[in-house]
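Q: Dropping the structure in here first, questions after.
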Amino acid sequence: MRSLLVLLTLGLLPGSASAEAWLTPTLVGELDYRVTAHAVEGETGFAVSRFRLGVDARPVPWFQALGAAEWSFEKPALIEALAVFTPADGIRVRLGFGKTPLFASARDVSIEALSIPELALPVRALWPGRDLGLEVQLSPRSLPVEAWVRVGNGSRSPLGNDNASPSLDVRVDGLLGGAWRAAEGMPGWGLRLGAGVHAEDAFDRAGIGGTTTTGYLFYRPVPVSGWRWVSEAHAVYWYGPLRVTAEAGLAWERRSRDTDGNPQTPRETLPPVRSQGAAVEASWLVRGTHRDARGWPLGPPGAVEGAWGGGAVEVAARAEWLVVGLGAPDVTAGGARGGSMAVRWWATDFLGVGLMGSMLRYDQPPLEAPDRRDSWLVGTRATVSFH
C-alpha cells in the first residue's frame, strides 16, 4: 500500500518529466444516494460505493504495470497488482493479482462503466472474482477466436493460498462482425459468444451465497471443502446503439467436515451443493456514438473541435435469477429473482450521473427479516473515472 502511494505521488509531480511520459495515476469514485426497502439491507442516505486509487505504468510498448487499492471499505484493500507483457501481437501475459476471466460483464467491462450499476445477481454470486496467478490471453488477428488460460492460487487473496492446490480458469470466445480484431472499426453489428470453466480445490471456505446490489447477504452460504467447479456461458450482441448481454452459470461445490478434530483422519463426506442462475440485459444509447476500451459510452463531438458535445445518454433494463444450495437434503435452498433498470448520462469521458432501481423476490426470507420476501432499491449514482 505504501509503495502504491509513493508511485501515485511520483506520477503527480510536475518536475518529473520521465515519469509524466509513462506513469499515469488512476481514480474511480462513485457516490450514491440510496433508498432501501429495509434497514437490514442498508441505511437510506448517501453512501460511497467505490473510491479506488492506482497507477498505470507503461515504460515500453510491450510492458504495463497496474496497481490499485479500494478505500471505501473499513480497511484499504488491494484490488489490482499486475504486470502485463505483450511478447507478440495477439499474445498477452498477465502476472499478479487481478480479475479472473469468466463472465464477460465482470471481466471485459470496467465496473464503473456498466450500463446498470453493479454486476447482475448471478454474476455477483458465481464469478470467481480476483485471484493471484499467471494468465495467458490469445487474440489472433487471423482467427475469430479469443482464449484465456489462468493458473492461480484460488483463495481470492493476494497474500497466498489456503491450501497447496492451484486453481484453473479457461475461457474461449468466438467473435463475429465488429467483435473480431481483424474487423476493428467495422460499422453495424458485433457478436461475442463464449463459455468458461473455473476449477479449484477449496478448504473449509464459505460457498456461494446471494447478495443484493448493496452487498447485503440475503442467503448465507454453507461451508464447502473439496473440489469446486463453476461453468458459465455468455453472449454479447450489439447493433448500432443497441446492446444485449446474456449470461448463465452453474456451480458444483463439494462438502466435508472434520468430526474428531484430528486432521490426520478421514473427513466425513457430505452431499455436494449446486448453484445456478442467469441474467439478460438490454441497453440503448439514446444519444452517443461508441464505447471506449473500458466500455464507457462516448457522446458526439462538439460543433467546434475540442468543445463539449453534451455527452451520451443510455437506458438499460435487466432480468436476473439465482438459486443456491440445491442438491443437499441437509441444506435449505434459497435464491432470488427480479430485475434492475437504469438511466445514465455519461456527461464526459470521465463523469457520469444516473438513476437506478432494482427489485428482488427472495425464495426464502433472510434470517434478519423472517417476515419479508421482497427487496427493492432506488437511488442515484455519480461516477468519476480517470484512466
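The values are calculated or read from the model by the stated rules, or taken from the named source; none is laboratory data. Because the structure is a prediction, the values reported are computed rather than measured. All Cβ positions, even for glycine, are placed from backbone atoms using ideal geometry, and neighbour counts span all protein chains on display. For accessibility, only protein heavy atoms count, side chains too; no ligands or nucleic acids. Shrake-Rupley method; radii C 1.70, N 1.55, O 1.52, S 1.80 Å.
Q: Of all residues in region 350-373 being open to solvent by 90 Å² or more (accessible area, probe 1.4 Å) and either within 25 Å of the chain's Cα centre (by Cα) or basic (Lys, Arg) (or both), which is farthest from Val35 (Cα to Cα)?
A: Arg361
Q: Can you tell which of Val286, Val343, Val324, Val315 is among the hydrophobic types (A, V, I, L, M, F, W, C) and farther than 23 Å from Tyr239 by Cα? Steps first, please.
A: Values: Val286 fails: farther than 23 Å from Tyr239 by Cα; Val343 fails: farther than 23 Å from Tyr239 by Cα; Val315 fails: farther than 23 Å from Tyr239 by Cα.
On inspection, the qualifying residue turns out to be Val324.
Q: So, one more: For Trp308, state whether it is among the aromatic types (Phe, Trp, Tyr) and more than 21 Å from the chain's Cα centre (by Cα).
A: Numbers: among the aromatic types (Phe, Trp, Tyr): yes; more than 21 Å from the chain's Cα centre (by Cα): yes.
Answer is yes for this residue.
Q: Still on this structure, please answer the following. Just one of Ala328, Ala317, Ala369 is touching a His at 6+ places or on another chain (Cβ under 7 Å), touching a residue at least 12 places away in the same chain (Cβ under 8 Å) and of a type in the set (A, V, I, L, M); which is it?
A: Numbers: Ala328 fails: touching a His at 6+ places or on another chain (Cβ under 7 Å); Ala317 fails: touching a His at 6+ places or on another chain (Cβ under 7 Å).
None of the other options fit; the residue is Ala369.
Q: For Arg294, are the conditions met, namely being of a type in the set (Lys, Arg), within 14 Å of Glu112 (Cα to Cα) and either touching a helix residue (DSSP H, G or I) at 6+ places or on another chain (Cβ under 6 Å) or free of Cβ contacts under 8 Å to residues at least 40 places away in the same chain (or both)? Walk me through how you get there before you give the answer.
A: Values: of a type in the set (Lys, Arg): yes; within 14 Å of Glu112 (Cα to Cα): yes; either touching a helix residue (DSSP H, G or I) at 6+ places or on another chain (Cβ under 6 Å) or free of Cβ contacts under 8 Å to residues at least 40 places away in the same chain (or both): yes.
So Arg294 passes the test.
Q: So for region 255-275 (the condition being in a strand (DSSP E or B), surrounded by fewer than 18 Cβ atoms within 10 Å (Cβ to Cβ) and of a type in the set (A, V, I, L, M, F, W, C)), does at least one residue qualify?
A: No - not one qualifying residue is present in region 255-275.
Q: Still on this structure: So, in region 279-303, exactly how many residues are of a type in the set (Ser, Thr, Tyr) and open to solvent by 30 Å² or more (accessible area, probe 1.4 Å)?
A: So the first thing to find is which residues in region 279-303 are of a type in the set (Ser, Thr, Tyr), and the list is 283, 289.
Subset that is open to solvent by 30 Å² or more (accessible area, probe 1.4 Å): 289.
Residues flagged as of a type in the set (Ser, Thr, Tyr) and open to solvent by 30 Å² or more (accessible area, probe 1.4 Å) within region 279-303 amount to 1.
Q: Of the numbered conditions (1) hydrophobic (A, V, I, L, M, F, W, C); (2) within 20 Å of the chain's Cα centre (by Cα); (3) open to solvent by 60 Å² or more (accessible area, probe 1.4 Å), Ala317 fails exactly one; give the number of that condition.
A: (3)
Q: Which one of these is open to solvent by 60 Å² or more (accessible area, probe 1.4 Å), over 19 Å from Asp201 (Cα atoms), in contact with a strand residue (DSSP E or B) (Cβ under 9 Å, 6 or more places away or on another chain) and in contact (Cβ under 8 Å) with a residue 60 or more places away in the chain: Leu95, Leu78? First the steps, then the outcome.
A: On the way: Leu95 fails: in contact (Cβ under 8 Å) with a residue 60 or more places away in the chain.
On inspection, the qualifying residue turns out to be Leu78.
Q: Another question, if that's okay. If you check Leu134 against the conditions, is it at pLDDT 95 or above, over 26 Å from Pro87 (Cβ atoms) and open to solvent by 20 Å² or more (accessible area, probe 1.4 Å)?
A: Working: at pLDDT 95 or above: yes; over 26 Å from Pro87 (Cβ atoms): no; open to solvent by 20 Å² or more (accessible area, probe 1.4 Å): yes.
No; evaluated as a whole, the condition is false for this residue.
Q: Looking for something within 30 Å of Thr214 (Cβ to Cβ), open to solvent by 80 Å² or more (accessible area, probe 1.4 Å) and modelled with pLDDT of 95 or more - is there at least one such residue anywhere in region 52-61? Walk me through it before giving the result.
A: Within region 52-61, the first condition is being within 30 Å of Thr214 (Cβ to Cβ), and the residues that meet it are 52-56.
From the residues that got through so far, the ones that are open to solvent by 80 Å² or more (accessible area, probe 1.4 Å) too are none.
Scanning region 52-61, I find no residue that is within 30 Å of Thr214 (Cβ to Cβ), open to solvent by 80 Å² or more (accessible area, probe 1.4 Å) and modelled with pLDDT of 95 or more, so the answer is no.
Q: Restricting attention to region 43-61, report how many residues are in contact with a Phe, Trp or Tyr (Cβ under 6 Å, 6 or more places away or on another chain) and within 18 Å of Glu74 (Cα to Cα).
A: 2
Q: Just checking, does region 105-115 include any residue being surrounded by fewer than 21 Cβ atoms within 10 Å (Cβ to Cβ) and in contact with a strand residue (DSSP E or B) (Cβ under 7 Å, 6 or more places away or on another chain)?
A: Scanning region 105-115 turns up at least one residue that is surrounded by fewer than 21 Cβ atoms within 10 Å (Cβ to Cβ) and in contact with a strand residue (DSSP E or B) (Cβ under 7 Å, 6 or more places away or on another chain).
Q: Scan region 108-127 and report the pairs whose first residue is free of Cβ contacts under 8 Å to residues at least 24 places away in the same chain and whose second residue is of a type in the set (Ser, Thr, Tyr), with Cβ atoms within less than 8 Å and a gap of 6+ or a chain change.
A: From residues that are free of Cβ contacts under 8 Å to residues at least 24 places away in the same chain, the pairs are Leu119/Ser105.
Q: Could we say that Arg205 is under 22 Å from Leu119 (Cβ atoms), open to solvent by 30 Å² or more (accessible area, probe 1.4 Å) and assigned to a strand (DSSP E or B) here? If you could, list the steps in order and put the result at the bottom.
A: Details: under 22 Å from Leu119 (Cβ atoms): yes; open to solvent by 30 Å² or more (accessible area, probe 1.4 Å): yes; assigned to a strand (DSSP E or B): yes.
Judged against the criteria, Arg205 is a match.
Q: In the list Trp189, Trp148, which residue meets the criterion of being farther than 30 Å from Gly379 by Cβ and surrounded by 20 or more Cβ atoms within 10 Å (Cβ to Cβ)? Step through it out loud before you land on a result.
A: Numbers: Trp189 fails: surrounded by 20 or more Cβ atoms within 10 Å (Cβ to Cβ).
Unique residue meeting the criteria: Trp148.
Q: Next up: Sort out which residues of region 238-277 are within 19 Å of the chain's Cα centre (by Cα) and not hydrophobic (A, V, I, L, M, F, W, C), and write them in order of number. Break it down into steps so the answer makes sense when it comes.
A: The first filter runs over region 238-277 and keeps only residues within 19 Å of the chain's Cα centre (by Cα), leaving 243-251, 275-277.
Result: Arg243, Thr245, Glu247, Gly249, Ser275, Gln276, Gly277.
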